[in-house]
2 protein chains.
Amino acid sequence: MFTLLLSNIAKHIHLSKEEESFFISLLQLKKLKRKQFLFKEGDIHKYCTFVTSGCLRSYSIDKNGFEHIMQFAPANWWIADMYSFVAQKPGNLNIDAIFDSEIITIQRTDIEKLYQAVPKFERYFRVLAENSLISHQNRLMDNLGLSAKERYDNFCRSYPTLIQTLPQKQVAAYIGVTPEFLSKMLNMPITKQAG
Amino acid sequence: MFTLLLSNIAKHIHLSKEEESFFISLLQLKKLKRKQFLFKEGDIHKYCTFVTSGCLRSYSIDKNGFEHIMQFAPANWWIADMYSFVAQKPGNLNIDAIFDSEIITIQRTDIEKLYQAVPKFERYFRVLAENSLISHQNRLMDNLGLSAKERYDNFCRSYPTLIQTLPQKQVAAYIGVTPEFLSKMLNMPITKQAG
DNA sequence: GGTAAAAAATAATCCAGGTTAAGAGTAAAA
DNA sequence: TTTTACTCTTAACCTGGATTATTTTTTACC
């Protein structure tokens with residue numbers, strides 16, 4: 001039930017039996033149906049979420065009504081509106097389930113308790129934040145320097161499993177093109193494709 | 001000498017006199033001349049850097065030879081090629097000084113020692129990484145959803161001091177347009193500017 | 001299975017921002 | 001104080017990707 005999360009944590013820090021059971025006592029299990037929201041723009045984010053099955057996404061909606069996907073979270077990933085979660089102010093993101101999903105949540109106030117009781121968790125979440133920062137920096141550079149085709153190829157390389165199950169539309173909203181252009185690009189004769 | 005850094009740290013964690021002097025013993029002071037490199041693409045990043053005066057920048061160079069700026073680091077900011085620093089592999093970024101600068105560096109191996117000796121620093125760097133993550137996420141959404149003019153206005157709002165001292169070219173390389181287009185945009189009649 | 005809704009394909013037209021090139025300021029270095 | 005090298009501007013032209021609209025295919029759900 002919690003094994004996926006515990007083994008994820010074990011990669012970074014070692015917990016005693018007591019620490020582990022204290023941690024588990026702070027967790028809640030939930031299920032989300034496809035298209036069900038975990039968090040809406042304007043809410044204040046109270047939970048950090050770990051996905052054990054299915055897939056969630058976080059995205060913002062720009063002033064023209066277009067969705068831009070910040071992150072996909074398949075099994076074994078954390079997801080949150082970091083800004084709202086950290087600052088405890090209304091967030092700009094929406095988070096919902098792309099497929100039926102099972103998640104584990106932990107409340108913000110409980111994370112603070114956890115940091116007090118088991119400071120090792122500061123390390124775990126530091127490493128997570130650093131890795132997430134690195135991947136966002138990479139993505140930013142890709143958006144500034146690569147063509148749509150290159151960003152698409154990158155995406156396929158980074159998420160070989162996801163690309164098979166996700167609607168094209170969602171991929172377009174992640175790499176930063178319209179669904180129409182992505183379709184055109186994928187059906188373009190090979191000879192015309194940019195490397 | 002180290003007061004700027006110490007007061008930055010004091011905002012997040014409290015250090016005893018012993019902890020403080022141990023920390024200081026790990027630091028090195030350096031000076032960089034304008035245009036001098038701290039780090040070049042392909043190097044393995046051994047230092048984390050805190051700027052006490054002047055301004056550094058980190059940037060990558062795309063396959064067409066264009067620079068894209070990841071971060072400006074004026075006084076009171078940290079800067080590093082996080083990927084290279086964390087993974088200890090050759091990095092993709094360059095870091096150099098835009099103006100003559102004074103910096104404090106700490107070696108990666110010493111940071112690990114610091115985490116062992118004073119675990120509170122895990123918290124300090126966790127909070128830093130989280131804040132940095134939030135601002136990179138914001139920037140990513142801005143790049144996906146806003147026009148060049150809006151990104152420029154955002155930049156002016158976020159860095160009111162920097163905008164006065166930076167060459168336009170550097171601002172263009174940050175917001176993701178060519179210097180030519182930025183110039184055109186800034187000299188466009190007000191009536192034609194997008195909101 | 002039937003049908004309503006969403007997703008994908010196709011195509012014509014449009015535009016924000018890129019490209020190229022050349023000249024005019026301006027700062028730095030010698 | 002004169003080179004030398006950036007930086008900024010201007011302008012004509014170009015293009016990757018957006019927009020809009022219509023049709024076809026797939027998927028979800030009764």
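Inspection of the range A:27-42 identifies no residue that is of a type in the set (A, V, I, L, M), closer than 19 Å to A:Q107 by Cβ, open to solvent by less than 60 Å² (accessible area, probe 1.4 Å) and assigned to a loop (DSSP other than H, G, I, E, B). The set of residues from the range A:164-175 being surrounded by fewer than 19 Cβ atoms within 10 Å (Cβ to Cβ) and more than 9 Å from DNA strand C (Cβ to nearest atom) comprises A:Q164, A:T165. Within the range A:45-92, the residues that satisfy the criterion of being free of Cβ contacts under 8 Å to residues at least 40 places away in the same chain and within 16 Å of DNA strand D (Cβ to nearest atom) are A:S60, A:I61, A:D62, A:K63, A:N64, A:G65. Does A:K17 fit the bill of being surrounded by fewer than 12 Cβ atoms within 10 Å (Cβ to Cβ) and of a type outside the set (A, V, I, L, M)? Criteria met by A:K17. Of the numbered criteria (1) open to solvent by 40 Å² or more (accessible area, probe 1.4 Å); (2) more than 10 Å from chain B (Cβ to nearest Cβ); (3) touching a Lys or Arg at 6+ places or on another chain (Cβ under 6 Å), the one A:Q88 fails is (3).
Within the range A:47-81, restricting attention to residues that are outside any strand (DSSP E or B) and hydrophobic (A, V, I, L, M, F, W, C), the residue that is nearest to the other protein chains (Cβ to nearest Cβ) is A:F66.
The values are calculated or read from the model by the stated rules, or taken from the named source; none is laboratory data. Computed from a prediction, not measured in an experiment: that's the story for all the values here. In this analysis, Cβ positions are derived from the backbone assuming ideal geometry, glycine residues included, and neighbour counts consider all displayed protein chains. What goes into the accessible areas is simple: the full protein's heavy atoms, side chains included, and nothing from ligands, DNA or RNA. Shrake-Rupley method; radii C 1.70, N 1.55, O 1.52, S 1.80 Å.
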